[in-house]
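Reading through the structure tokens given below for one structure.
Just so you know, all these numbers are worked out from the coordinates, no wet-lab data involved. Small disclaimer: the values here were computed from a predicted structure and weren't measured. No Cβ is skipped: glycine too gets one built from the backbone with ideal geometry, and neighbour counts run over all protein chains shown.
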Amino acid sequence: MIVKQLRVGEMDVFAYVLGCESTREAVVIDPGGEVDRIYEEARKQTLHIKYIFNTHGHWDHTIGNDRLKSLTGASIVRHQLDSGPDVDIPLVDEKPFQVGEITFTVFHTPGHSRGGVCLYADGHLFTGDTLFVGDSGRTDLPGGHRPTLGASIRRLMELPDETVVWPGHDYGPTPHSTIGWEKRHNVNAREYGYYVAGS
């Protein structure tokens, strides 16, 4: 799997271009601005953008949807609980999501928003605003709920320690981490029940 991380927009959003090395089909996760740069990155990798996948419906992660769709003809995918008139494929469950030969596991992870989701494939986890490096998304916006977010993150912590965490914003000390690192260092780890003593 090809993974390209781009910091875009006004709020340090991380957009991702993910591509299948065999078929060259690609998905862009959260085009939060600077769409032409995202598009050029895909072209540089000789990738065809088939899907635009939003981890949730907040404007800073969706603002580039229309422009990117106009450039590529890609279908916009988002959970039905955060859906809107721009969405072509509303997610209604956690069925696997296919891009070329890549099969993504979809985790519905509400708490930051009702329709928050994370994508997991080949040891890579794309967490949107559910989990940041060393922190987690806010819960004071409409649809936010801290206990629900905690339950969502506990699900993610069951993934293998070596899983690479790719967050939705550049808000941490590094642009990505691992599940194992988060168990030891995330400021919310005690609350989520994964604090590792002595680390």
Rounded D (µm²/s) - region 43-85, Kirkwood Rh over Cα pairs, Stokes-Einstein at 37 °C, 0.692 mPa s
297
Work out how much length Asp66 to Glu162 would gain on full extension: take 0.36 nm times their residue separation and subtract the Cα-Cα distance, in nm to one decimal.
31.0 nm
Taking the chain and dividing mean pair separation by its residue count, relative contact order in percent (alpha carbons under 8 Å, at least six apart):
15
Placing each pseudo-label 7 Å from Cα in the direction of the beta carbon, Thr103 and Val187 end up separated by a distance in nanometres of 3.9
What does the convex hull of the Cα atoms come to per residue for region 2-192, in Å³?
103
Under 25 Å between alpha carbons - lysine pairs in region 2-192 that sit 8 or more apart or on different chains:
9
Cβ density ranking, 10 Å radius, fewest first, applied to Asp66, Asp60, Asp93 yields Asp93, Asp66, Asp60
With springs only between Cα atoms under 10 Å apart, run a GNM on the chain and tell me which of Asp82, Asp140, Asp30 wobbles the most.
Asp140
Karplus-derived 3J(HN,Hα) from phi for region 167-181 (6.51 cos²θ - 1.76 cosθ + 1.60, θ = phi - 60°), whole Hz, x at Gly and Pro, runs x, x, 9, 8, 10, x, x, 9, x, 7, 8, 9, 4, x, 5
Could you tell me the calculated FRET efficiency between Arg154 and Arg37, based on Cβ-Cβ distance and R0 = 35 angstrom, to the nearest 0.05?
0.50
Quick check for you: which residues of region 1-29 have the amide N under 18 Å from the point 7 Å beyond the Cα of Tyr171 toward its beta carbon?
6-16
Over all directions, how big on average is the projection of the convex hull of the alpha-carbon atoms in region 96-144, in square nanometres?
3.6
